[in-house]
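Novice: I have a structure here, written as structure tokens, and I will follow up with some questions on it.
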Amino acid sequence: MNDESCNFDCDVLIVGGGLVGASLAIALDGSGLRVVQVEAVAPQINPHANPDERSLALARASVNALEALGVWPTIAAKTTPIRRVHVSRRGEFGTVRLDAAEHGLDAFGATCPARELGNGLLMRLDRCANLVRHAPARLTAIESEGDGVVATLASGDGEKRLRTRLLVGADGTASFVRDALGIGADKFDYAQTAFVATVQPERALDGCAYERFTSTGPVALLPLADRRAGVVMTVPSADAARVAALDDAGFIAELHERVGYRLGRFSRLGKRVSHPLARVIAQRVVAPRAVLVGNAAQTIHPIGAQGFNLGLRDALTLAELLLGRARTGDDVGDAALLQHYVELRREDRDGTAATSDSLARWTASEALPLKALRSLSLIAIDRVAPLKQAIVARGMGFRGHAPALALREGT
Ligand SMILES: Cc1cc2nc3c(=O)[nH]c(=O)nc-3n(C[C@H](O)[C@H](O)[C@H](O)COP(=O)(O)OP(=O)(O)OC[C@H]3O[C@@H](n4cnc5c(N)ncnc54)[C@H](O)[C@@H]3O)c2cc1C
């Protein structure tokens, strides 16, 4: 950096220390850049394993990246490999079966309790050499000033102003940064609510993830440790209060009605948590000296289990560009870098968001011509090898420009 650096408190200010903001801070560790992170909630490593908690399906690209970032060793023992995927539609013929071994792979990815991933990221953040963290502290205002941005942070100690070359909004679906930059967002309410829980199936999932489409929304069953299964059951929001009020036996009966008895009877239902589902897509992901990543840039339907995976690829691509600038000493927040970021992310961002959205709508429709087309499509995907291969590659997180950290296969 030139002499002017002394006018800046940091090179990169990351707003948000959720899964994506934390991953970005870790990816920039050792870059020589002065990185500051601000997170509204006090960081807390939660050591208490809880069989009822939410799990994430991590794509192969994310597993590779978490290995390269030094997070995987901490969480590996808590993860379960996804070796097979089974996709079907209730009441229709046609099934897609994907087997990692047929594609020369040991696994397509892995499931991991979200709490364990959060803990692993926090532990790795603690080892970052040059990262300054403000938490709990909240970004409350930003203003553009010359070739930087001045951010106001509020915490129990009062207010603080920081001047940065680049502001990163990793502050989630209701992003303050996005609003403060005047970036609009296209919002769509799916009128669906996802119930997340765990169950004990009579027959183990044995590394197989099930996605079952129904007219009331998709249901996913994810393989977890100790023969348990993670459930994401989507229902119309108009029906959510009724489902929430069901007792355990009633909820299990609803689940069986949607997925059948292929895995035998379900028992030992864990705690249920509900999430209303909406799509929120930022109309732009960059502004002068600012960029949005993760849910702040795009919040998508969980049908393809891609939200964090996509946000992680945002973070890795941005880190790759910033590390390049750190090596040459050039400006980390100029328009050329931001435009390059937009171009590198376009295909993955647009494609993944569009796939999740059309899957969510297309698989729920009961229109007769669509039902026939859908069954034929499932059969075609199952039988046409190149189609299957393309879906596998996308599902594993390799669409468009793949960041180098996501390509590095594990140890
Ligand atoms: C039911 C369900 C199932 C899902 N399953 C999967 C899955 O299997 N696989 C997958 O990849 N994804 C999945 N997702 C999506 C995934 O959970 C999200 O995409 C991901 O957690 C988003 O992370 P983030 O860091 O971008 O945002 P967040 O987790 O929302 O983090 C934002 C952070 O910013 C902080 N913040 C906000 N405002 C401020 C401020 N003004 N100042 C300072 N800090 C601030 C917040 O405290 C928060 O910590 C699922 C989502 C749902 C709803």
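Novice: Which pairs do you get when a residue that is touching a residue at least 40 places away in the same chain (Cβ under 8 Å) and on the phi < 0 side of the Ramachandran plot, found in the range 172-184, comes within reach of a residue that is in a helix (DSSP H, G or I) and near the ligand (Cβ under 7 Å from one of its atoms), reach meaning Cβ atoms under 8 angstrom, with the pair 6+ apart or on two chains?
Specialist: Within 8 Å, the pairs are THR173/ASN295; THR173/ALA296; SER175/ASN295; SER175/ALA296; VAL177/ALA296; ARG178/ALA296.
Novice: Suppose we filter VAL235, VAL177, VAL231 for residues that are buried (at least 20 other Cβ atoms within 10 Å of the Cβ) and part of a helix (DSSP H, G or I); which single one remains?
Specialist: Going through VAL235, VAL177, VAL231 in turn, the sole match is VAL177.
Novice: Just wondering, is there one or more residues in the range 69-79 that are buried (at least 20 other Cβ atoms within 10 Å of the Cβ), touching a Lys or Arg at 6+ places or on another chain (Cβ under 6 Å) and modelled with pLDDT of 90 or more?
Specialist: Within the range 69-79, one or more residues are buried (at least 20 other Cβ atoms within 10 Å of the Cβ), touching a Lys or Arg at 6+ places or on another chain (Cβ under 6 Å) and modelled with pLDDT of 90 or more.
Novice: Which residues, counting only those in the range 224-261, are farther than 15 Å from ALA197 by Cβ and either touching a helix residue (DSSP H, G or I) at 6+ places or on another chain (Cβ under 8 Å) or within 16 Å of the ligand (Cβ to nearest atom) (or both)?
Specialist: Matches in the range 224-261: ALA225, PRO236, SER237.
Novice: Taking GLU211, is it in contact with a helix residue (DSSP H, G or I) (Cβ under 8 Å, 6 or more places away or on another chain), among the acidic types (Asp, Glu) and outside any helix (DSSP H, G or I)?
Specialist: yes
Novice: Between a first residue in the range 244-270 that is farther than 21 Å from GLU211 by Cβ and a second residue that is among the aliphatic types (A, V, I, L, M) and assigned to a loop (DSSP other than H, G, I, E, B), which pairs have beta carbons less than 8 Å apart while being 6 or more apart in sequence or on different chains?
Specialist: Correct list of pairs: ASP248/LEU269.
Novice: Restricting to the range 138-174, what's the tally of residues that are out of contact with any His (no Cβ under 7 Å at 6 or more places or on another chain), surrounded by fewer than 20 Cβ atoms within 10 Å (Cβ to Cβ) and outside any loop (DSSP other than H, G, I, E, B)?
Specialist: Within the range 138-174, residues that are out of contact with any His (no Cβ under 7 Å at 6 or more places or on another chain), surrounded by fewer than 20 Cβ atoms within 10 Å (Cβ to Cβ) and outside any loop (DSSP other than H, G, I, E, B) number 14.
Novice: Answer yes or no: is there a residue in the range 277-285 that is more than 25 Å from the chain's Cα centre (by Cα), away from the ligand (no atom under 16 Å from the Cβ) and modelled with pLDDT of 95 or more.
Specialist: No: zero hits.
Novice: Let me ask something else. Within the set of pairs 6 or more residues apart or between chains, which connect a residue that is in a strand (DSSP E or B) inside the range 36-47 to a residue that is of a type in the set (Val, Ile, Thr) and near the ligand (Cβ under 6 Å from one of its atoms) with Cβ atoms less than 6 Å apart?
Specialist: From the range 36-47, the pairs are VAL38/VAL15.
The values are calculated or read from the model by the stated rules, or taken from the named source; none is laboratory data. Quick caveat, the model's predicted, so the values are computed rather than measured. Cβ atoms come from the backbone with ideal geometry, glycine included; neighbour counts cover every protein chain shown.
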